[in-house]
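Report on one structure; see the data block that follows.
Readers should treat all values here as calculations from the given coordinates under stated rules, not as data from a laboratory. Predicted model only: the values in this text are computed from it and were never measured. Backbone-built Cβ (ideal geometry, glycine too); neighbour counts: all protein chains shown.
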Amino acid sequence: MTTEPPPSEDRWGAEARSVVASMTDQEKLWCLDGDAPFWAGLTYLGESGYHKSPFRAARVDRLGLPGFAFSDGPRGVVVDQATCFPVSMARGATWDVDLEERIGDAVGRELRAIGADLFGGVCVNILRHPAWGRAQETYGEDPFHVGEMGAALTRGVQHHVMACVKHFACNSMENARFQVDITVDEVSLHEVYLPQFRRIVDEGVAVVMSAYNSVNGEWCGDNHDLLTGVLRDEWGFGGFVISDWIFGIRDAPRSLHAGLDVEMPYRMIRADHLPAALEGGDADWADVDRSVERVVATRKRFDDVLSRDAPDRSVLACPEHRSLAREAAAKSVVLLRNDPVDGQTVLPVEPDRPWTVALIGGLATAVNLGDGGSSDVWAPEVVTVADGVRAALPQAALSVDDGGDIARAADLAASCELALVVVGYTRDDEGEFIGEFASAHLVDLFPGADDPDLVASFEAGIATERLIQPPPHVAGRSQPGGFAEGGDRVSLRLHDHDVALIRAVSAANPRTVVSLVAGSAVVIAEWDGCAPAVIQSWYSGMEGGLGLADVLCGRVDPTGRLPFSVPAREADLPDFDAGATAFVYGADLGYWHLARQGTPAAYPFGFGLSYTSFSLGHATATVAGGEVHVDVTVTNTGGRDGADVVQVYARRLGTDRPARLAGFARVELAHGERAGVRIPVPAAALSERDVGSHAMVVHPGRYELRVAHHAGDPGIVVEVALPAPPA
Ligand code: BGC
């Protein structure tokens with residue numbers, strides 16, 4: 001189902017205008033920021049309020065305006081105890097847009113059940129570098145792929161509530177997020193960092209959240225070029241824009257003029273400064289009206305959806321949603337290596353044999369759902385890797401060792417037929433940065449004391465929500481329910497101890513499987529080849545252990561494909577500087593960067609092994625009615641059922657532009673089965689930025705379309721000629 005198009009000069013806009021005309025000045029200003037008082041709001045946040053109530057804004061009871069109630073994501077609903085899905089990067093690895101839409105649908109239902117109507121979890125910043133602390137919250141390094149996944153989530157969520165896409169724009173350095181200015185040229189901005197936002201705006205997303213960082217010299221929340229020039233004037237976005245939390249705008253009148261509609265989440269900078277600015281002529285009431293109209297019109301556009309009865313809280317982490325989480329966890333597993341030992345690949349493991357299995361590494365038994373920032377979901381319970389393997393191999397004798405003592409772990413591995421080492425990262429290694437921020441002057445933005453009447457009504461509103469309690473695994477944390485410091489990764493390698501553990505266990509047991517837990521690429525070249533089987537797994541959600549075990553024992557074919565390139569060396573990547581105050585973003589990152597450098601990836605974008613094999617044949621490309629599509633025959637040539645992800649990489653001939661992903665399809669095939677697959681290549685995926693007209697254009701000419709299994713695969717090449725548009 002496609003969401004209805006956004007309003008422009010439509011009936012919602014007209015209705016909103018008449019509502020706004022009946023508002024008092026004070027009511028209008030009330031709609032321009034969050035409804036909660038700043039200091040009381042912060043205190044509540046510190047009491048895990050974040051997990052207890054949505055953030056509310058723009059509610060005006062006198063006029064029956066509901067405003068909106070925001071809850072974060074992306075790995076589920078963060079209020080109350082809810083389904084925790086695998087993180088977005090894991091879901092990116094599924095390349096399964098239908099699954100992502102179903103996840104969105106489930107999230108939307110849960111969001112309504114907790115009393116929210118705006119989901120803040122469509123996070124689609126491009127993974128520019130794997131050290132980015134919040135890498136796990138997006139889907140990967142390629143704008144086409146990220147756009148399709150984010151659009152699918154948006155479609156699903158908007159069956160039930162409004163969705164918010166974030167963080168607009170160029171937000172992919174975490175520690176520096178409050179200080180860094182990103183310089184980006186027009187071509188790179190529009191071809192690399194923005195296409196996925198545009199795709200999601202075209203999908204009808206209700207709300208856009210601006211980013212903390214600055215772009216080309218202007219903070220994103222105050223940035224007219226981005227919020228009005230690009231978003232409204234060029235793309236025709238008709239919803240409303242909210243700021244990121246607390247330091248998301250720096251200058252009240254400037255943000256209003258720029259097109260930022262609502263400052264979130266509290267009464268802060270605008271409440272302090274806007275009345276005087278309006279009085280003194282530094283801000284314009286016409287801009288106030290326009291922003292309020294956008295909020296009211298967008299909410300009206302969703303009236304039909306939001307007037308349906310909300311499900312009750314029994315939908316939270318219900319069996320149906322948990323099984324979706326398991327499906328996603330299994331489909332996200334990327335098999336990087338699966339070498340034969342004694343003539344047979346190590347995986348899959350025969351589930352009904354009485355194996356002796358050594359399960360090694362602290363992460364095998366850990367609850368490790370992902371970062372400890374705004375995306376932290378309180379899953380009521382979690383299936384760890386150990387739980388999942390135990391359930392999947394009922395005849396096996398499983399011995400668990402935390403790997404702390406490497407010699408002891410190696411001895412255990414030597415005594416077993418199979419060893420599974422689970423290593424990688426946790427919320428302490430990567431995630432949203434909630435530590436001390438370097439720019440102390442930010443506290444200068446804090447407002448004066450709260451209005452006591454407002455505090456009283458806020459306290460009354462959250463009184464029952466205060467009773468929500470964390471699940472046992474959260475209550476056992478060192479900071480129960482609190483945020484983890486997170487931040488950008490300090491290295492792309494595994495910890496030294498993990499590397500030594502892998503080496504020792506692999507030496508002790510030739511049938512060693514390594515499962516890597518991370519939010520993005522890990523450089524593994526230094527130990528790759530020690531163990532015959534390596535899996536890229538993830539913060540894989542509350543059913544993650546079962547999902548992984550489904551793949552290990554062959555119940556599910558490994559169909560995950562890398563949503564990023566894994567370099568052989570960190571030096572093969574573009575620069576990253578976690579402490580930067582100024583930084584330049586160029587067009588080359590990920591597999592384009594590697595292609596331009598002539599450096600092969602250790603594991604290319606789009607790569608992943610299967611337990612079966614697939615071949616591609618008979619590809620043709622057709623241009624019909626301005627649309628391009630590729631038809632290809634896919635055959636499952638191996639001995640098991642599985643799914644292939646067929647990818648199309650496009651390049652305009654006669655240019656030095658690297659080939660870019662322009663279409664993909666996931667196709668399930670029984671062993672021996674052959675199917676014809678049609679892959680649409682949308683015009684937007686072939687478009688380039690024309691800096692003369694400041695528009696995206698598809699140039700006439702010949703295009704090479706490579707149908708392949710990953711970015712480094714020569715695949716099958718077909719060509720199409722695109723005619724010049726009629727004069
Ligand atoms: C994050 C956003 C999040 C917001 C609300 C911010 O710190 O950057 O992604 O939506 O908090 O929790």
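Amide H contacts for Asp402 (H built 1.01 Å from N in the peptide plane; partners 5 or more residues away or on another chain; cut-off under 5 Å): Gly361.
Sorting Trp355, Trp219, Trp95 by the number of Cβ atoms found within 10 Å of their own Cβ, with the fewest placed first, yields Trp355, Trp219, Trp95. Explain nothing, just the number: dipole magnitude of the chain about its Cα centre with +1 on each Lys and Arg Cβ and -1 on each Asp and Glu Cβ, in debye rounded to the nearest 20. Magnitude of the dipole: close to 1480 debye. When the charge dipole of the chain is built from unit charges on Cβ atoms (+1 for Lys and Arg, -1 for Asp and Glu) and taken about the Cα centre, the candidate among Gly140, Thr356, Ile535 whose Cα reaches farthest toward its positive end is Thr356. Taking a ≥ b ≥ c as the square roots of the eigenvalues of the alpha carbon gyration tensor, region 348-390 is prolate, as a/c is not under 1.5 and a/b beats b/c. Backbone geometry of region 674-690 corresponds, through the Karplus equation with coefficients 6.51, -1.76 and 1.60 at θ = phi - 60°, to 3J(HN,Hα) couplings of 10, 9, x, 10, 9, 10, x, 10, x, 4, 4, 6, 9, 7, 10, 7, 9 Hz, x marking Gly and Pro.
The dipole here belongs to region 645-695: it is taken about the Cα centre, uses +1 on the Cβ of Lys and Arg and -1 on the Cβ of Asp and Glu, and is about 40 debye.
Karplus-based coupling profile of region 413-429, in residue order and whole Hz: 4, 5, 8, 10, 7, 9, 10, 10, 9, 10, 9, x, 10, 9, 4, 7, 8, with θ = phi - 60° in 6.51 cos²θ - 1.76 cosθ + 1.60 and x standing for Gly or Pro. Peptides 716-725, 296-305 ordered by packing proxy, namely the average of other Cβ atoms within 10 Å per residue, highest first: 296-305, 716-725. Packing around the peptides 540-546, 697-703, taken as the average count of other Cβ atoms within 10 Å per residue, puts them in this order, highest first: 540-546, 697-703.
For region 487-586, a crude dipole built from +1 on the beta carbon of Lys and Arg and -1 on the beta carbon of Asp and Glu, taken about the Cα centre, is about 320 debye to the nearest 20. Its Cα gyration tensor gives the chain an equivalent ellipsoid; the semi-axes, largest first and in whole Å, are 42, 31, 23. Comparing Trp235, Ala587, Ala724 along the charge dipole axis of the chain, the residue lying farthest to the positive side is Ala724, per the Cβ-charge model. Seen against the Cα atoms of the chain and their longest principal axis, helix 97-113 is set at about 50 degrees. Dipole orientation for region 365-451: of the candidates Leu445, Ala386, Ala397, Ala397 has the Cα lying most toward the positive pole (charges on Cβ; Lys, Arg +1; Asp, Glu -1).
Ranked by the mean number of other Cβ atoms within 10 Å of their residues, highest first, the peptides 413-422, 278-287, 631-640 come out as 413-422, 631-640, 278-287.
In sequence order, region 297-310 has phi-based couplings of 5, 5, 5, 5, 4, 9, 3, 4, 5, 7, 8, 5, 4, 7 Hz under the Karplus curve 6.51 cos²θ - 1.76 cosθ + 1.60, θ = phi - 60°, and Gly or Pro positions carry x.
Here the residues Phe583, Phe70, ranked from fewest to most Cβ neighbours within 10 Å of their Cβ, fall in the order Phe583, Phe70.
Which shape class, rounded, prolate or oblate, goes with region 313-354 when its Cα gyration tensor gives a ≥ b ≥ c as root eigenvalues, a/c under 1.5 marks rounded, and past that a/b bigger than b/c marks prolate? Oblate, because a/c is 1.5 or more while a/b does not exceed b/c. Taking amide hydrogens as placed 1.01 Å from N in the peptide plane, the amide H of Arg56 sits under 5 Å from those of Asp35, Ala36, Phe70, each at least 5 positions away in sequence or on another chain. Close amide H partners of Val161, meaning residues 5 or more places away or on another chain with modelled amide H under 5 Å apart, do not exist here.
In percent, rounded to a whole number, the relative contact order of region 457-577 is 20, using alpha-carbon pairs under 8 Å and six or more apart.
Each of Val19, Val187, Val77, Val645 was scored by other Cβ atoms within 10 Å of its Cβ. Arranged with the fewest first, they read Val187, Val19, Val645, Val77.
Per residue, the chain reaches -7500 deg cm²/dmol at 222 nm when only DSSP H runs of four or more residues are counted, each adding -39500 (n - 2.57). Could you tell me which of rounded, prolate or oblate describes region 386-498, using a ≥ b ≥ c as the square roots of the eigenvalues of the alpha-carbon gyration tensor, with rounded for a/c under 1.5 and, failing that, prolate when a/b is larger than b/c and oblate otherwise? Here region 386-498 falls in the oblate category. Antiparallel beta bridges, as assigned by DSSP with both residues in the chain, represent about 55 percent of the total such bridges.
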